[in-house]
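The values are calculated or read from the model by the stated rules, or taken from the named source; none is laboratory data. None of the values given here were measured: they were computed from a predicted structure. Cβ sites come from the backbone with ideal geometry, for glycine too, and all protein chains shown count toward neighbours.
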Amino acid sequence: MNDLIQTIAVYALPAIFAITMCEAAKAFAAKYFGDTTAYSQGRMTLNPMSHIDIFGTIVIPVAVFIISQGTFLFGYAKPVPINYSNLRHPKRDMAWVALAGPGANFVMAFFWMLFGIALQIFGISEPFLKLVADAGIFTNLLLLAFNLIPIPPMDGGRILISLLPYKLAVKFAQIEQYGFFIVMALVLLHVLQFWIVPVMMVAEMLLNVLISPITMLLG
């Protein structure tokens, strides 16, 4: 039980930041490209309470984590309301709005890496802070990879719809109503890891490339 409490304490702040930044970024991108739906509903904010879903963000993740004995974690935030028809170029701009969330998670992971480096520079050896930094990197990369699953309504699915020729895009978009169940089936069949792990590895490699000049400069 103590290990569970410690794990929740370590991941709580990174998870809240990851979810908040992801949703706020999509709301900001939607407004930038012409849709003010999320903005008018107060979702273009860094206030976590505007994005947290009590069951999806708190109850379900904790319950799943306990039931799986720490081997699996699943949850979701309150979806940002976006009216894609309001975008100036709906099919094209849909991809940019969808990329905003994973992009925000990538940036957050970068800053958690910087935080970890700062701990070393200032000689701060507090194990809890190091664990939080590592959790921040892992949580954001996991959320990035999960959101980029190429199945609508996931961000990756919307990016694919944007890139496909119109007729194929219309047909592919029709599976959105089944998207959640498809993703859950892939999770239960342990197939999703073949997408999640490689995407996380590529993202981490890119982060290391970006962070290496800083570490060389400071080291």
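Might you check whether a residue that is basic (K, R), at pLDDT 85 or above and surrounded by 16 or more Cβ atoms within 10 Å (Cβ to Cβ) occurs anywhere in the range 30-37? So far as the range 30-37 goes, yes, one or more of its residues are basic (K, R), at pLDDT 85 or above and surrounded by 16 or more Cβ atoms within 10 Å (Cβ to Cβ).
A single member of F180, F110 is surrounded by 15 or more Cβ atoms within 10 Å (Cβ to Cβ) and closer than 27 Å to P79 by Cβ, and it is F110.
Number of residues in the range 31-47 that are among the charged types (D, E, K, R) and out of contact with any Leu (no Cβ under 7 Å at 6 or more places or on another chain) equals 2.
If I go through the range 123-152 residue by residue, how many of them are polar (S, T, N, Q) and part of a loop (DSSP other than H, G, I, E, B)? Number of matching residues: 1. Being buried (at least 22 other Cβ atoms within 10 Å of the Cβ), touching a residue at least 60 places away in the same chain (Cβ under 8 Å) and not small (G, A, S) is a property that does not hold for W96.
The set of residues from the range 47-67 being surrounded by fewer than 12 Cβ atoms within 10 Å (Cβ to Cβ), touching a helix residue (DSSP H, G or I) at 6+ places or on another chain (Cβ under 8 Å) and modelled with pLDDT under 85 is empty. Could you list, in sequence order, the residues of the range 187-211 that are under 14 Å from F106 (Cβ atoms) and of a type in the set (A, V, I, L, M)? Across the range 187-211, the qualifying residues are V199, M200, M201, V202, A203, M205, L206, L207, V209, L210, I211. Please go through the range 138-167 and give me each residue that is over 21 Å from F17 (Cα atoms), aliphatic (A, V, I, L, M) and touching a Pro at 6+ places or on another chain (Cβ under 8 Å), ordered by number. Within the range 138-167, I159, L160, I161 qualify.
Please verify whether the range 74-90 includes one or more residues that are surrounded by fewer than 13 Cβ atoms within 10 Å (Cβ to Cβ), modelled with pLDDT under 90, over 22 Å from E204 (Cβ atoms) and aromatic (F, W, Y). Scanning the range 74-90 turns up no residue that is surrounded by fewer than 13 Cβ atoms within 10 Å (Cβ to Cβ), modelled with pLDDT under 90, over 22 Å from E204 (Cβ atoms) and aromatic (F, W, Y). Please verify whether A135 is surrounded by 14 or more Cβ atoms within 10 Å (Cβ to Cβ) and touching a Pro at 6+ places or on another chain (Cβ under 7 Å), treating the condition exactly as stated. When the stated conditions are applied, A135 passes them. May I ask you to verify whether I117 is over 18 Å from D35 (Cβ atoms) and surrounded by 14 or more Cβ atoms within 10 Å (Cβ to Cβ)? The answer is yes for I117. Residues considered: L131, L168, L218, L207. Of these, the only one that is over 19 Å from P14 (Cβ atoms), more than 14 Å from the chain's Cα centre (by Cα) and touching a residue at least 24 places away in the same chain (Cβ under 8 Å) is L218.
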